[in-house]
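Take a look at the structure below.
FYI, it's all coordinate maths here, none of it is from the lab. Since the model is a prediction, treat every value here as computed from it, not as a measurement. FYI the Cβ positions are ideal-geometry reconstructions off the backbone, even for glycines, and counts take in every protein chain you see.
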Amino acid sequence: MTQSPNILFCIADDQSWPHASAYGCPWVNTPAFDRVAREGILFNNAFTPNAKCAPSRAAILTGRYSWQLQEACNHLCFFPSDYATYPELFKDAGYATGFTGKGWAPGEPGTYPDGSPRKLVGPEHSDLKLNPPTKSIANIDYAANFATFLNAKPDDQPFCFWYGGREPHRGYEYGSGVRLGEKSLSDIDEVPPCWPATEDVKNDILDYAFEIEWFDKHLGQILDILEERGELDNTLIMVTSDNGMPFPRMKGQLYEIAYHMPLAAMWKDAIEPGRIVDDLVNFVDFAPTFLEAAGIDIHPQITGKSLMSIFKSSKSGIIDPHRTALISGKERHDICRPGTVGYPIRGIRDHHHLYLRNFEPDRWPAGNPEVYYRNIDDSPTKTRVVEEKEQGNETYWQLCMGKRPKEELYDIQADPHCITNLVESADHQTIKNTLWQKLRKTLKQHGDPRMEGRGHIFDEYPVTNPEQEQRVKERFRIANETGTFFKSN
């Protein structure tokens with residue numbers, strides 16, 4: 001009888017592609033991620049369908065796109081009972097399941113029919129603590145908790161585990177990248193053109209890098225634990241992040257670095273090592289991959305397509321010629337506009353272009369100025385962008401916070417930071433129209449309410465933090481009555 005494989009899914013919190021040393025990033029060192037890539041596959045084109053914590057993780061867990069998940073399309077939501085998660089399916093198949101750190105969050109997972117709390121990712125194992133190098137880094141000993149999980153299960157029971165690091169989510173301890181990470185501002189080879197290349201911005205980037213390395217350190221310890229126990233060869237390991245870096249115009253948006261994710265996969269019993277794959281991969285593909293790898297029936301609710309054909313190949317480059325494009329979208333993320341409405345977008349990307357359709361271009365994409373653009377995490381970089389505007393330079397502010405047209409089109413090969421909108425270019429009309437038609441057709445097939453004239457339902461779903469909603473409403477009231485705009489989230 002063939003031994004059932006273990007499944008280990010490792011997910012950082014807010015790490016963009018290409019911020020791993022396997023991709024050649026000069027200011028971050030990720031030996032554990034690099035090992036997974038070297039002994040397995042490094043993916044160049046992996047994407048989340050929704051670049052925010054809760055909706056991205058919901059897509060991973062269910063294998064469904066955000067607009068197919070009712071209120072789980074939103075951030076700070078109630079998870080719908082209609083959809084099973086892949087750890088729940090693994091539990092039903094006899095696997096030991098669990099997680100450490102951050103699972104699906106933020107939101108309310110709901111309950112099972114018997115009234116017990118729903119465990120979307122399995123039971124939590126985060127009790128063991130350590131002293132982190134900064135106060136902003138979680139005190140969870142991820143690797144030790146993983147070992148405790150393994151010790152508690154029968155030796156012959158396969159496992160499905162989720163390592164959810166809380167790094168590099170904000171906040172950061174300013175200067176920690178230089179002081180503790182032994183980094184230098186000169187390590188930064190390029191600052192994205194949507195931010196000024198100032199000392200505080202570069203420090204912010206290095207502080208982010210330091211926290212990526214903390215996540216990677218624990219990943220390395222987890223790999224060592226598996227190797228010591230003789231479980232490494234029979235474990236499918238996938239390492240990625242939920243969404244892009246928590247900086248202006250990144251996390252929470254649909255530009256390239258916002259939703260383009262690092263991804264490496266290793267399964268020594270089944271994956272030929274040392275391969276680099278260029279196929280377009282979407283997070284909805286993970287759940288069916290895990291299920292097929294374990295020989296568990298793929299649930300009919302799942303929209304994503306398994307990556308097993310890529311795993312079984314010995315090739316690099318493009319493996320599956322049918323993966324010609326991928327789609328993405330968003331609705332309401334943080335509470336940051338009057339009426340608690342979102343900023344709905346749908347997008348489609350092929351190997352050359354990114355097309356975005358902004359359904360409510362009159363709304364502020366990063367949240368209203370009155371409440372300090374709450375869809376962007378507070379940070380030195382955010383402060384610098386706003387201060388540049390106040391000093392008369394609106395270039396960065398317009399890119400990060402300004403209103404946008406109904407349509408956007410970018411040549412991501414020539415313009416990876418998505419600065420020059422080609423939607424009005426005469427030379428690009430055929431490309432624009434072709435991408436929009438393909439996007440619209442696919443969304444209609446998915447039953448996207450936006451394509452059926454019912455997009456308002458996403459704004460009507462309740463939030464799980466009514467206190468925060470009321471606090472933002474009060475800030476809008478004060479701003480409207482006094483003209484005072486707030487300067488922090």
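Observations on the structure shown:
- With only the Cα atoms considered, the stretch 326-482 has a convex hull volume of 142 Å³ per residue.
- Surrounding net charge for W436, when Lys and Arg each add one and Asp and Glu each subtract one, Cβ distance under 9 Å: +3
- Rg and Dmax [Cα atoms of the stretch 247-302; Å; Rg one decimal, Dmax integer]: 14.8, 42
- Lys, Arg +1 and Asp, Glu -1 on Cβ, resulting dipole of the chain about Cα centre, debye, nearest 20: 1100 debye
- For S241, the residues whose amide H sits under 5 Å from its own are A12, ignoring neighbours fewer than 5 places away on the same chain, with H placed 1.01 Å from N.
- Part-to-part distance (alpha-carbon centres) for the stretch 136-150 and the stretch 296-346, which is given in Å: 29 Å
- Sorted largest first, extent of the chain alpha carbons per principal axis (Å): 69, 52, 50
- For the stretch 228-280 versus the stretch 361-413, the inter-centroid distance based on Cα atoms is 28 Å.
- With Cα atoms as the point set, the stretch 450-489 shows a radius of gyration and Dmax of 14.3, 40 Å.
- The chain - mean residue ellipticity at 222 nm from DSSP helices (-39,500 (n - 2.57) per run, n ≥ 4, rounded to 500): -8500 deg cm²/dmol
- Taking the stretch 6-312 and dividing mean pair separation by its residue count, relative contact order in percent (alpha carbons under 8 Å, at least six apart): 34 percent
- Positive-end residue, the stretch 6-312 charge dipole about Cα centroid, Cβ charges, pick of A270, Y95, A287: A287
- Positive-end extreme of charge dipole, the stretch 141-205 - chosen from F146, Q157, I205 (charges on Cβ): Q157
- The stretch 23-50 and the stretch 195-219: distance between their alpha carbon centers, rounded to Å: 16 Å
- Within-13-Å neighbourhood charge of V472 [Cβ basis; K, R +1; D, E -1]: +2
- At the listed q of 0.17, 0.26 Å⁻¹, the Debye profile of the stretch 1-58, built from one uniform point per Cα, gives log10 I(q)/I(0) equal to -0.72, -1.22.
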